[in-house]
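Colleague: Just passing along the structure, written as structure tokens.
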Amino acid sequence: WWNWETEPIFVLTSSSAPEISIIPPASGTLSDSVDIAWTTTKQAGGTMQYVVMASPDGGNTWMPIGLPTTSTSITIPTDFLPASDNIIFKVVGSSGLGSNSAEVSNLTIENRKPKAIIVSPKDGWVGNTETKWILQGYGSDIEDGTIPTGEWTSSIDGQLNTETDIILSPGKHILTFKVTDSGELEG
């Protein structure tokens, strides 16, 4: 019989994970992308893996950004984050058995204008003088989601009534589709 308590086959020991410190962004107001960098205390062996997470609501909900990395910095596009004055980024590091984390908070993203998407007509489409054009478009906004309607204008005919099919005046038209979000920003 083997006495496990006095003659173990192996001994598992753990040590605390190295401390992580985030280098705060240069500004508390974020632009289209943000560079997050961090330092860690030296460790005896093993490779640290890091997961970067973001919270748009002061830590109530978290979303991971990308796959785990061994790098100590990452550039993050901010187009997935809604306007907020309480954004937090967190870095969680682990060498296998233990983990540590660090946060940088009180970051802000201002409301951004929506994006207008024209479905029809496509750029370069050509028709004769009796062509009935169907104008289709929508807006996309991180805070408001899909904006189903907008305002159409033509460089020749001015504002267009999109309640019916459109017959445009002869000539080369530049069509513009404008959407407005709940914050009165236009795209």
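We did not get these values from a lab; they are worked out from the coordinates using the rules stated. From a predicted model like this one, the values you see are computed outputs, not experimental measurements. Using ideal geometry, Cβ is built from the backbone for each residue, glycine included, and neighbour counts are taken over all protein chains shown.
Colleague: If exposed trypsin sites (Lys or Arg not before Pro) are those in a DSSP loop with at most 10 other Cβ within 10 Å, what is the longest stretch of the chain that has none?
Modeller: Of all site-free stretches, the longest is 43-121.
Colleague: Then there is this: Name the residue, out of Q136, Q159, Q49, whose mean-square fluctuation peaks in a Gaussian network model built on the chain with Cα pairs under 10 Å.
Modeller: Highest fluctuation among the options: Q159.
Colleague: Across every pair of different alpha-carbon atoms, what Kirkwood hydrodynamic radius in Å does the chain reach?
Modeller: 21.1
Colleague: In the chain, which longest range has no GluC sites (Glu not before Pro) that are both DSSP loop (not H, G, I, E or B) and surrounded by at most 13 other Cβ atoms within 10 Å?
Modeller: Longest run free of exposed loop sites: 20-109.
Colleague: Something else about it: Can you give the Rg and Dmax of segment 37-126 based on its C-alpha atoms, in angstrom?
Modeller: Rg, Dmax (Cα atoms, Å): 18.5, 69.
Colleague: Straight distance only, please: which aspartates and glutamates reach the Cα of K178 with their own Cα at less than 18 Å, same-chain residues fewer than 8 apart left out?
Modeller: Within reach: D123, D141, E143, D144, E151, D157, E163, E186.
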